[in-house]
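Report on the following structure.
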Amino acid sequence: MKQLIRINQLYLLLLIILFTGPQCGKSKKEVIPVPSLSSVSPVKGIIGEPVTVNGQNMGNADKITFNSIASTIVSNTGTVITTVVPTGATTGMNKIVVQTGGGKSNELQFEVEKTPDNVDPAPPTLSKIIPAANFTEYPVLIYGDNLSGAIHVTFNDKEAVVYTNNKKVITATVPKDLPTGTVTVKVATVKGTSTLNFQVSGAPPAGPASVNFSIIAIPPPNYVPTISNDWTCGLFSKQDGNNFVDLKTDDGTFNYDVTGTYEYHFNTTKDYNDLNYIEFTNKKTGETFAGQFSSSSANPCVLKMVLISSKTGLVSTCTFDRKKNEPDLVCDP
């Protein structure tokens, strides 16, 4: 009888160990941290204007909202989200919130303006788009005049994400879900509207472009661009006015296959980079590269252009390391 009781006690002990002991086969549930927002730049803007939100734990954000109105997440590094002021956002102070699987972030204040700070005196005019055709969710550069303070940029009435906007250039992305073929691009400012045709090549073959004009950093007021340098995309030399050539493409008679032009100006009164574009073309291949100077510093060690190809429709960077010519140069890395 005692032996039977002992067997029962051992059996009960085994059951207790089995159901209450360590369970190595089961992993602990992952704890996702709550996102935390630290700053927003700029602190005010109109609908469609690009906005950068800085913070922590923002990777895999489900959405970002302005007073509960969801906006497009253009890019997300986990600590920096690029978005735009969404259509439908109310004029006045808005609360920006980021939501992830870990929960909702703290709120940042952002003022949605009815009209932009910088407006040109005349109605906008559009002249060309580079490239002339591209996939949806791929970047484009829109040329024209009096484009400052664009309120809406649309493709067949679908709002486009705008990255930069000045007097002569708008950088944007072709909206998704557009039909293949000719569409109408419309730019609206408080002074009027202008339209231009554009060819949509269809849906992107491998998803949205991995790089777009969101990588442009608008240079600070005292930044001074220089074109005559040995850039990674050409040995450029400034000629008359704002024109330049690629010295590597000289045919031996001072005729150059690659020629270009640029304009740059920062309006210190309005605190506005009102002119900023570069364009150069290879007459043999027919390929044009167009874009803008980009710098977060007034005195960078490495000068940068962000350019789009008229042939591939892709964005790339072209750089020049100033220390190649001046090893002892004091500059910002």
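Derivation of every value follows stated rules applied to the coordinates shown; laboratory data play no part. None of the values given here were measured: they were computed from a predicted structure. Cβ placement follows ideal geometry from the backbone for every residue including glycine, while neighbour counts extend to all protein chains displayed.
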Cβ-placed point charges (K, R +1; D, E -1), dipole of the stretch 125-214 about Cα centre in debye, nearest 20: 260
Quote to one decimal, in nm, the extra length available between ASP230 and ARG322 on full extension: 0.36 nm per residue of separation minus the C-alpha distance between them. 32.2 nm
Along the Cα-to-Cβ line of THR184, 7 Å from the Cα, sits a label point; which residues in the stretch 142-168 have backbone N less than 16 Å from it? 152-160
Just going by the charge dipole of the stretch 230-324, with Lys and Arg at +1 and Asp and Glu at -1 on Cβ, which of PHE289, PHE236, PHE320 is farthest out on the positive end? PHE320
Of all DSSP beta bridges in the chain, antiparallel share, percent nearest 5: 95
Can you give the alpha-carbon Rg of the chain over 2.2 N^0.38 Å, where N counts its residues? 1.35
With an 8 Å Cα cut-off and a minimum separation of 6 or more residues, compute the relative contact order for the stretch 36-112 in percent. 35
HN-Hα J couplings of the stretch 46-60 from phi, Karplus 6.51/-1.76/1.60, θ = phi - 60°, integer Hz, Gly and Pro as x? 8, 4, x, 6, x, 9, 10, 10, 9, x, 10, 6, 9, x, 6
The simple spin-label model distance between GLU287 and ASN156, using points 7 Å out along Cα→Cβ, in nm, is 3.0
For the chain, what's the relative contact order in percent, using C-alpha pairs closer than 8 Å and at least 6 residues apart? 12
Rounded tilt (10° steps) of 2-20 against the dominant C-alpha axis of the chain: 10
Here FRET efficiency (C-beta to C-beta, THR77 to LEU329, R₀ 22 Å, nearest 0.05) is 0.15
Could you give the length gained on full extension between GLN56 and ASP177, defined as 0.36 nm per residue of separation minus the Cα-Cα distance, in nm? 40.4 nm
Given a Förster radius of 25 Å and the C-beta distance between LYS191 and ASN242 as r, what FRET efficiency does 1/(1 + (r/R0)^6) yield to the nearest 0.05? 0.45
